[in-house]
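As structure tokens, the structure follows; a few thoughts come after it.
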Amino acid sequence: MEQSEQNVAAKTELPKPTALEQAAPQDVSGTPGRPIFDVRNVSVWYSAFKAVTDVSMTIHENEITAFIGSSGSGKTTVLRAFNRMNDLVPGARVEGEMHYRGTPLYGKDVSPIAVRRRIGMVFQKPNPFRKSIYDNVAYGPRINGERNRRKLDEIVERSLRRAALWDEVKNRLKSSGLALSGGQAQRLCIARTIAVEPDVVLMDEPASALDPIATGAIEDLMRELKKQYTIIIVTHNMQQATRVSDRTAFFSVLTDSKNDTRTGVLIEYGSTRQIFEDPQDSRTQAYVTGRMG
Amino acid sequence: MMAVATEQPAADLREPAGWRRTKNRVATVLMWVAFVCTLVPLGFVLVTVIAKGASAISWQFLTKGPIPPNVLPVTIGGMGPAVVGTLEITGFAALIAIPLGVLGAVYINEYGGNRALARLIGFMADVMTGVPSIVMGLFIFTIWVLHFGYSGLAGSFALGCLMLPVVIRSSYEMLRLVPDSLREASYAVGATKARVTVTVVLPAAIGGIVSGALLAIARAAGETAPLLFTILVVESTNTNLFSGPNTALATQIFINAQQPFTGAQQRAWGAALTLIAIAFILMLAARIVTARFTRYTR
């Protein structure tokens with residue numbers, strides 16, 4: 001939390017916050033968190049197809065980082081590299097360096113199971129299990145060895161409360177998770193993800209299947225969750241990125257007309273304010289002003 | 001557009017006449033014909049078996065033994081030994097084939113990926129489905145009966161071999177239908193592959209797996225040829241599955257139906273009805289069990 005050196009330095013140099021003209025880290029609202037992910041020259045391949053090339057970025061603790069960009073620009077692919085979800089895709093492989101709190105994510109002794117236990121994920125389409133609401137939330141703690149009923153009750157209530165779903169479902173915890181509306185189901189999935197107390201929550205377009213009211217609820221929830229978790233969110237909705245995120249990464253597609261291949265690439269990464277108000281790259285500017293993609 | 005006419009012609013929303021309507025009608029008629037063609041023989045079989053078999057059925061017929069000599073009327077003795085034989089032989093066959101088959105399907109779909117072994121198992125299962133049941137009986141006869149003698153167990157092996165490919169194929173198709181999004185949801189909270197399979201994939205597919213297994217059991221319970229070579233025939237109840245010749249409803253139908261004696265023929269009809277009833281009860285039981293498993297569908 002208290003990154004004293006940086007804060008002191010920032011304070012002495014900048015008595016009053018004059019956001020825009022400053023370099024990226026200072027104009028992030030609140031305290032800049034410690035780096036949690038360090039990504040260096042990462043490329044992701046699906047067999048012989050290079051989906052994303054040469055991504056380098058630093059993700060910070062207790063912040064919401066948004067990945068924006070057009071379809072096929074590799075946002076989701078990069079997101080799924082953070083908790084080794086791409087391992088499940090036959091032929092997928094990651095090149096380059098990805099460090100999580102100082103440990104290489106793709107190191108030799110690293111278990112993808114342990115990685116995903118700490119780095120949870122919420123998917124685009126709500127995907128509750130065909131189990132009761134209670135069992136959906138208790139699923140993670142149970143597979144991680146929690147058997148004590150009282151503790152499970154506590155975890156389920158706490159997670160549902162944090163996911164802002166408790167009041168709506170507290171009287172029907174034993175009914176099916178599939179009977180919920182889309183927005184409720186997505187909040188149930190968020191509750192299921194945070195029930196294992198992860199360190200990071202990855203969200204892949206969590207609100208794209210939801211109406212504006214449910215989307216608003218999910219966004220409020222994200223702002224609340226970032227006090228305890230680090231969140232990375234992929235979104236097609238630029239307003240959403242400006243509403244919730246502290247930093248934004250803009251991805252685009254490089255088309256190689258000679259070999260007819262399309263590869264995702266990270267164009268620009270900075271504070272959300274800088275990306276939207278003062279983009280350094282013309283492609284970013286075209287995208288955020290709606291002239292492209 | 002000036003003043004709108006007061007009387008607007010009513011919109012014609014009927015199906016347009018012509019080729020499209022003709023095609024529609026022809027297709028509908030064809031489907032009804034196909035439906036009736038399927039249903040009529042089925043209905044005949046059922047009605048005939050019930051009409052001819054119902055008179056033979058009694059508590060004594062179902063439970064008592066021994067099975068009397070062919071010349072005696074149906075009121076003497078009963079089919080008890082065959083009922084017991086069918087239940088134990090088919091039951092043990094299911095005990096062998098269902099776990100193996102489901103595990104095989106799990107391997108092919110969840111673990112095998114594109115590996116040669118998985119493809120080989122899938123291919124062999126398909127080939128095995130095409131093996132005639134009498135060949136399966138001869139196979140067990142040569143590798144088991146010749147060494148260890150006739151027994152209900154040998155019959156179970158033969159029926160198990162027949163059920164295995166059916167169970168593998170039907171379970172595999174059900175596992176394939178489980179959406180990957182459920183697997184990912186489970187992986188995302190730190191589940192191992194085994195956990196994902198046991199706690200998410202199998203529960204999601206259980207309804208279809210049970211149905212498939214049940215069809216396999218019902219088919220196997222009616223098989224005659226493989227049993228002729230493996231269990232021989234006895235007249236009294238043999239509760240020991242593992243030694244000595246046994247008997248089953250299917251083989252009793254086969255033997256009794258060939259006789260010119262009224263008693264024997266009535267016994268055959270009665271046994272046929274009993275077999276159908278057992279299959280029916282099994283189906284019903286499985287539906288109830290599956291309904292419990294899938295209560296969270298909505």
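Considering only residues in the stretch A:223-263 that are among the acidic types (Asp, Glu) and farther than 20 Å from residue A:57 by Cα, the one that is nearest to the chain's Cα centre (by Cα) turns out to be A:224.
Contact annotation: residue pairs with Cβ atoms under 6 Å, 6 or more positions apart or on different chains, pairing a residue in the stretch A:178-203 that is away from chain B (no Cβ under 11 Å) and in contact (Cβ under 8 Å) with a residue 12 or more places away in the chain with a partner that is surrounded by fewer than 22 Cβ atoms within 10 Å (Cβ to Cβ) and assigned to a helix (DSSP H, G or I), are A:183/A:214; A:199/A:118.
On the stretch given as the stretch B:181-196, residues that are more than 8 Å from every other protein chain (Cβ to nearest Cβ) and open to solvent by 10 Å² or more (accessible area, probe 1.4 Å) total 2. Screening residue B:178 on (1) more than 30 Å from residue A:132 (Cβ to Cβ); (2) in contact with a helix residue (DSSP H, G or I) (Cβ under 8 Å, 6 or more places away or on another chain); (3) within 14 Å of chain A (Cβ to nearest Cβ) shows it passes everything except condition (1). Taking the criterion of being assigned to a helix (DSSP H, G or I) and under 30 Å from residue A:110 (Cα atoms), the residues of the stretch B:172-186 that qualify are B:175, B:176, B:180, B:181, B:182, B:183, B:184, B:185, B:186.
For every residue, the table says whether it meets (1) open to solvent by less than 30 Å² (accessible area, probe 1.4 Å); (2) small (Gly, Ala, Ser).
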| residue | (1), (2) |
| --- | --- |
| B:246 | yes, no |
| B:260 | no, no |
| B:269 | no, no |
| B:280 | no, no |
| B:286 | yes, yes |
| B:293 | no, no |
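Within the stretch B:54-104, the set of residues being in a loop (DSSP other than H, G, I, E, B) and among the hydroxyl-bearing types (Ser, Thr, Tyr) comprises B:55, B:58, B:75.
Considering only residues in the stretch A:264-283 that are under 21 Å from the mean Cα position of the chain (by Cα) and not hydrophobic (A, V, I, L, M, F, W, C), the one that is most open to solvent (accessible area, probe 1.4 Å) turns out to be A:273.
Every test in (1) among the charged types (D, E, K, R); (2) more than 14 Å from every other protein chain (Cβ to nearest Cβ); (3) closer than 22 Å to residue A:80 by Cα; (4) free of Cβ contacts under 8 Å to residues at least 24 places away in the same chain is passed by residue A:219 save one, and that test is (4). Of the residues making up the stretch A:125-153, those that are within 9 Å of chain B (Cβ to nearest Cβ) and either open to solvent by 50 Å² or more (accessible area, probe 1.4 Å) or among the hydroxyl-bearing types (Ser, Thr, Tyr) (or both) are A:125, A:130, A:132, A:139, A:142, A:144. Looking at (1) in a loop (DSSP other than H, G, I, E, B); (2) within 11 Å of chain B (Cβ to nearest Cβ), which is the one condition that is false for residue A:209? Here residue A:209 meets the rest and fails (2). Of the helices (runs of 4 or more DSSP H) lying entirely inside the stretch A:111-173, those containing at least 2 residues that are at pLDDT 90 or above and touching a Gly at 6+ places or on another chain (Cβ under 6 Å) span A:112-118, A:133-143. Residue check: is residue B:95 in the same structural domain as residue B:187 (by TED's automatic domain parsing), open to solvent by 70 Å² or more (accessible area, probe 1.4 Å) and at pLDDT 95 or above? Criteria met by residue B:95. Kindly provide the set of residues from the stretch A:65-88 that are more than 10 Å from chain B (Cβ to nearest Cβ) and out of contact with any strand residue (DSSP E or B) (no Cβ under 6 Å at 6 or more places or on another chain), ordered by number. Within the stretch A:65-88, A:70, A:71 qualify. Of the residues screened, residue B:103 is one that is out of contact with any Phe, Trp or Tyr (no Cβ under 9 Å at 6 or more places or on another chain) and open to solvent by 50 Å² or more (accessible area, probe 1.4 Å). From the set of residues in the stretch B:197-233 that are of a type in the set (A, V, I, L, M) and at the interface with chain A (Cβ under 8 Å from one of its Cβ atoms), which is farthest from residue B:157 (Cα to Cα)? Looking at the filtered set, the residue picked out is B:200.
The set of residues from the stretch A:214-263 being open to solvent by less than 30 Å² (accessible area, probe 1.4 Å) and of a type in the set (Gly, Ala, Ser) comprises A:214, A:216, A:241, A:245, A:249, A:252.
The values are calculated or read from the model by the stated rules, or taken from the named source; none is laboratory data. Note that the coordinates shown come from a computational prediction; the quantities given were computed from them, not determined experimentally. Cβ atoms come from the backbone with ideal geometry, glycine included; neighbour counts cover every protein chain shown. These area figures cover heavy atoms from the full protein model, side chains too; ligands, DNA and RNA do not enter into them. Shrake-Rupley method; radii C 1.70, N 1.55, O 1.52, S 1.80 Å.
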